[in-house]
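Enquirer: Submitted below is the structure of interest, expressed as structure tokens.
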Amino acid sequence: MSARRFILLGPPGAGKGTQSARLIEALGIVQISTGDLLRAARKAGTELGRKAQSFMDAGQLVPDEVVLSLVEERLSREDARNGYILDGFPRNIAQAGALDSRGIVVERVVNVSVPVLSLVERLAGRRVCQSCGATYHLVNQAPRESGVCDQCGGVVAQRKDDDAAVVESRLRVYESETAPLIGFYRARGILRDVDGLGTTESVYQAVLAALGN
Ligand code: AMP
């Protein structure tokens, strides 16, 4: 069986992480989130993590060479051999070009769209477990005990870059740097659009269908 490689494209808050977590179980492949890789590198205090820090805190893209070396290392691991879902990568045309130049063939790109007002509301209320990464929302999906993860008992807190001022910058960066990828992949005939509003379940079903499953 050949490896299945997918990209989930969409603005911050579109639900890429939530959907990826479900998809990997259904498809038996791994999720590769550059945001998660960068946060782990920061936590571990590596040189790449230190380089990424100020960009992430400002809601800017981390320089391509930093991201690409993390991605390169991740893709070379054994568990990526059956395929993967790229979540948060590529984030600009140069990163997409880096996949091409390595001969990586992507089967399908799913573009999850959500109106800006909903994104702002989602990101403002989003809370994340600092230990296992489970995500919550203060209004729609609060943890049973405030600040405590239902799944692992870890501390549930707001991501630093979900702060309103940083969110504004992340959304601007998405429009200018990342949204051009929609046309880039549409021109190849491998992009499918999915409406990211609705329940997690209904969006999940739409994404599965868009992946051809
Ligand atoms: P995310 O968790 O995908 O929202 O990413 C959080 C932050 O990590 C972004 O705002 C960027 O600063 C950085 N980041 C994540 N993925 C990339 C990428 N592919 N290229 C550049 N920066 C990235």
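The numbers here are math on the coordinates, done by the rules we state, and not lab data. These numbers come from a predicted model, not from an experiment. All Cβ positions, glycine included, derive from the backbone under ideal geometry; neighbour counts span all protein chains shown.
Enquirer: Under 8 Å for C-alpha pairs, at least 6 residues apart: give me the relative contact order for segment 94-213, rounded to a whole percent.
Expert: Relative contact order of segment 94-213: 32 percent.
Enquirer: Report the far tail of the P(r) of the chain, meaning the percent of Cα-Cα pairs longer than 24 Å.
Expert: 41 percent
Enquirer: How big is the gap, in Å, between the Cα center of segment 137-188 and the Cα center of segment 15-68?
Expert: 12 Å
Enquirer: Put a dot 7 Å past each Cα toward the Cβ at D36 and Q53; how far apart are the dots in nm?
Expert: 2.4 nm
Enquirer: Relative contact order of the chain, please, whole-number percent, based on alpha carbon pairs below 8 angstrom and at least 6 residues apart.
Expert: Computed over the chain, the figure is 29 percent.
Enquirer: Efficiency by 1/(1 + (r/R0)^6): what FRET value for S169 and E78, r their Cβ-Cβ distance, R0 = 25 Å, to the nearest 0.05?
Expert: Efficiency, from the Cβ-Cβ distance: 0.10.
Enquirer: Moving on. What is the set of long-range amide H partners of V148 at a cut-off below 5 Å, with H atoms built 1.01 Å from backbone N?
Expert: It is V156, by chain and number.
Enquirer: So how much slack lies between E201 and S131, counting 0.36 nm per residue of separation and subtracting their Cα-Cα distance, in nm?
Expert: 22.7 nm
Enquirer: Under 19 Å from the Cα of K51, which aspartates and glutamates turn up, not counting those fewer than eight places away in the same chain?
Expert: Partners within reach: D36, D64, E65, E72, E73, D161.
Enquirer: What's the FRET efficiency of A26 with Q141 using the Cβ-Cβ distance as r and R₀ = 25 Å, to the nearest 0.05?
Expert: 0.75
Enquirer: A further question on this structure: Which distance in nm do the two modelled labels at A3 and D100 give, with both placed 7 Å along the Cα-to-Cβ direction?
Expert: Rounded to a tenth, the inter-label distance reads 2.0 nm.
Enquirer: Moving on. Could you calculate the contour length gain from S118 to Q60, that is, 0.36 nm times the residue separation minus the distance between their Cα atoms, to one decimal place in nm?
Expert: Between S118 and Q60, full extension yields 18.8 nm more.
Enquirer: What lysines could a cross-link reach from K16, if we take a straight Cα to Cα line under 21 Å and drop same-chain neighbours fewer than 8 places away?
Expert: Straight-distance partners of K16: K160.
Enquirer: Fewest first, what order do S146, S113, S169 take by the number of other Cβ atoms within 10 Å?
Expert: Lowest count first: S146, S169, S113.
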